[in-house]
Amino acid sequence: MSHPILQKVQTFLEKAGRQKVKISDDLIEEFGEACKSAIRKQFTDERGGKFRLRMSNIEASAMLILKASGVEVQSEQKSVTHSGEIEGTYDVEIDNKIWDIKSASPFAFDKKFSQGFNTVIEDDAFGYASQGFMYADSEDKDFGGWIVINKSTGEWCITETPLNIDEYKEKYVVAAKDNFNSIKKNKKFKRCFTDVDEYFRKAKTGNRVLGLTCSYCPYKKKCWGDEIEYLPQQQSQARDPKWVWYTKITNPRVETYD
Ligand code: SF4
């Protein structure tokens, strides 16, 4: 059975697809302000100032839909501090739990968030779990999980934390503090993944490529440097080949001319 938050959202969206639905003027105004703020942040804000994450337009739409669906939002976009020094802003508090709203690629939506909590933490290179548990712990509340929207299809899913979360809470809050201390002490950055051999038609090509997590990572250029190249698969003769992040090319494409 789906989560009560998801049930409310799906009922609302389904109804909105069939007929007019009521959305209060206050909610529409609030949504407009959130979108303006997201656009300013994206395009016009000074880059040198203190960095603060704000909602994307998809996340702002998600807040509007949650509220219009009748989900009781207790607080949102609240700045918190953990251990007196780790600062952040959580997305939303529902049912006395802190939730993170994420817009996800179709791949991450299907293969990660829709598969449940254990799949997300199995391969959590971006520290989603640490972030969620730490924000919740700052407020002395439980972390509920992720409310996720598929960027392409607009589908929703809820990736809920397990009922007994104490062991996860402890583990991920400690991990967040360790990361923070490493950054504070300016410790040398250590990559969390290596590159991998490239295969084409089940045979090694001799080239090296980024693994799946790195290829989706927003920090890959910073992490791997400017030498990584996003190119069509080098051995493919397809008219529309797959594009791949290469770290090392020893077997480049051979151009053929008619
Ligand atoms: S690109 Fe770097 S930071 Fe990103 S997942 Fe890969 S190793 Fe980690």
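The values are calculated or read from the model by the stated rules, or taken from the named source; none is laboratory data. Remember, predicted model here, so these are calculated numbers, not experimental data. Note: ideal-geometry Cβ built from the backbone for every residue, glycine included; neighbour counts use all protein chains shown.
Matching residues to (1) buried (at least 16 other Cβ atoms within 10 Å of the Cβ); (2) farther than 25 Å from residue 38 by Cα:
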| residue | (1), (2) |
| --- | --- |
| 106 | no, no |
| 109 | yes, no |
| 115 | no, yes |
| 122 | no, yes |
| 148 | yes, no |
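Checked against the criterion of being of a type in the set (S, T, N, Q), modelled with pLDDT of 85 or more and within 16 Å of the ligand (Cβ to nearest atom), the candidates 130, 138 yield just one match: 130. Considering only residues in region 238-255 that are free of Cβ contacts under 8 Å to residues at least 12 places away in the same chain and under 22 Å from residue 108 (Cα atoms), the one that is nearest to the ligand (Cβ to nearest atom) turns out to be 242. For the residues 183, 147, the requirement of being aliphatic (A, V, I, L, M) and more than 16 Å from the ligand (Cβ to nearest atom) singles out 147.
Sub-8 Å Cβ pairs linking a first residue in region 213-237 that is under 17 Å from residue 197 (Cβ atoms) and modelled with pLDDT of 85 or more to a second residue that is within 11 Å of the ligand (Cβ to nearest atom) and among the aliphatic types (A, V, I, L, M), at least 6 apart or interchain, are 214/125; 224/210; 228/210, ordered by first then second residue.
Annotation note: of 111, 177, the sole residue that is out of contact with any Cys (no Cβ under 8 Å at 6 or more places or on another chain) and in contact (Cβ under 8 Å) with a residue 12 or more places away in the chain is 177.
Cβ separations smaller than 6 Å between residues 6+ apart or across chains give the following pairs from region 87-100 residues that are closer than 15 Å to residue 133 by Cβ to residues that are of a type in the set (Phe, Trp, Tyr) and assigned to a strand (DSSP E or B): 98/90; 98/143; 100/146. If only residues of region 198-232 that are among the acidic types (Asp, Glu) and assigned to a strand (DSSP E or B) are counted, the one that is nearest to the ligand (Cβ to nearest atom) is 229.
Checking the structure you have, find out if any residue of region 166-173 is within 23 Å of residue 56 (Cβ to Cβ) and surrounded by 20 or more Cβ atoms within 10 Å (Cβ to Cβ). Within region 166-173, none of the residues are within 23 Å of residue 56 (Cβ to Cβ) and surrounded by 20 or more Cβ atoms within 10 Å (Cβ to Cβ).
The single condition among (1) surrounded by 13 or more Cβ atoms within 10 Å (Cβ to Cβ); (2) near the ligand (Cβ under 9 Å from one of its atoms) that residue 190 does not meet is (1).
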